[in-house]
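The values are calculated or read from the model by the stated rules, or taken from the named source; none is laboratory data. This one's a predicted model, so the numbers in the text were calculated from it and none came from an experiment. All Cβ positions, glycine included, derive from the backbone under ideal geometry; neighbour counts span all protein chains shown. These accessible areas exclude ligands, DNA and RNA; they are computed on the full protein's heavy atoms, side chains included. Shrake-Rupley method; radii C 1.70, N 1.55, O 1.52, S 1.80 Å.
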Amino acid sequence: MAKRILVVDDDENILSLERTILEQKGFVVTTAGGGEEALKLLREQAFDLVLLDVMMPDKDGFEVCRQIKQDARTKLIPVIFLTAKGGGEALAEGFESGAVMYINKPFTANKLLTIVNTMLEQAEAEASPGGPGGAKHPPE
């Protein structure tokens, strides 16, 4: 089954580029133009991974990530920041908010795909009963 990725960015050109790169490799991509829209989509649909911009007008990516990680339904979804906002302070805040990776813009298709695939494989391994993290949901 194809993995579902939510891409969140206020720049239509970046959304289109990320969608094209990911869909060419068989991912099912949904896009959101801002943080509030992303949170709404996350409440309505299941996703395997979120690619999240940091600098957005309605709600910054750090706050969106914190809300994703506070919700029991979405807290296990890996979040990757994909942003032009660099520097050690931004990097630290990104990881503190719950992100698993931070990719600086501009990026190459190869770098994006390598990191997305690695994070999806890691999340799948951790979710499996025999994986490093054990079962994510206790048996009933």
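Okay, residues lined up against (1) under 11 Å from the mean Cα position of the chain (by Cα); (2) on the phi > 0 side of the Ramachandran plot; (3) small (Gly, Ala, Ser):
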site: 28; (1), (2), (3): no, no, no
site: 44; (1), (2), (3): no, no, no
site: 54; (1), (2), (3): no, no, no
site: 59; (1), (2), (3): no, no, no
site: 79; (1), (2), (3): yes, no, no
site: 84; (1), (2), (3): no, no, yes
site: 98; (1), (2), (3): yes, yes, yes
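Select from region 1-35 the residues that are in contact (Cβ under 8 Å) with a residue 60 or more places away in the chain and assigned to a loop (DSSP other than H, G, I, E, B) and list them in ascending order.
Residues satisfying the conditions are 3, 9, 25, 27.
Quick test of your reading of the structure: residue 51 fulfils all but one of (1) at pLDDT below 90; (2) open to solvent by less than 80 Å² (accessible area, probe 1.4 Å). Name the failing condition by number.
Failed condition: (1).
Among the residues of region 1-14, write down those that are open to solvent by 10 Å² or more (accessible area, probe 1.4 Å) and either within 15 Å of the chain's Cα centre (by Cα) or closer than 16 Å to residue 37 by Cβ (or both).
Our first condition is that a residue be open to solvent by 10 Å² or more (accessible area, probe 1.4 Å); within region 1-14, this holds for 1-4, 10-14.
If the condition is that a residue be open to solvent by 10 Å² or more (accessible area, probe 1.4 Å) and either within 15 Å of the chain's Cα centre (by Cα) or closer than 16 Å to residue 37 by Cβ (or both), then 3, 4, 10, 11, 12, 14 are the ones that fit.
Evaluate region 104-116: report whether one residue or more is within 12 Å of the chain's Cα centre (by Cα), hydrophobic (A, V, I, L, M, F, W, C) and modelled with pLDDT under 95.
no
What do you reckon, is residue 83 under 25 Å from residue 114 (Cβ atoms) and modelled with pLDDT of 95 or more?
Values: under 25 Å from residue 114 (Cβ atoms): yes; modelled with pLDDT of 95 or more: no.
Answer is no for this residue.
Can you find even one residue in region 36-46 that is surrounded by 13 or more Cβ atoms within 10 Å (Cβ to Cβ), at pLDDT 90 or above and closer than 20 Å to residue 124 by Cβ?
Checked against the condition, which is being surrounded by 13 or more Cβ atoms within 10 Å (Cβ to Cβ), at pLDDT 90 or above and closer than 20 Å to residue 124 by Cβ, region 36-46 yields at least one hit.
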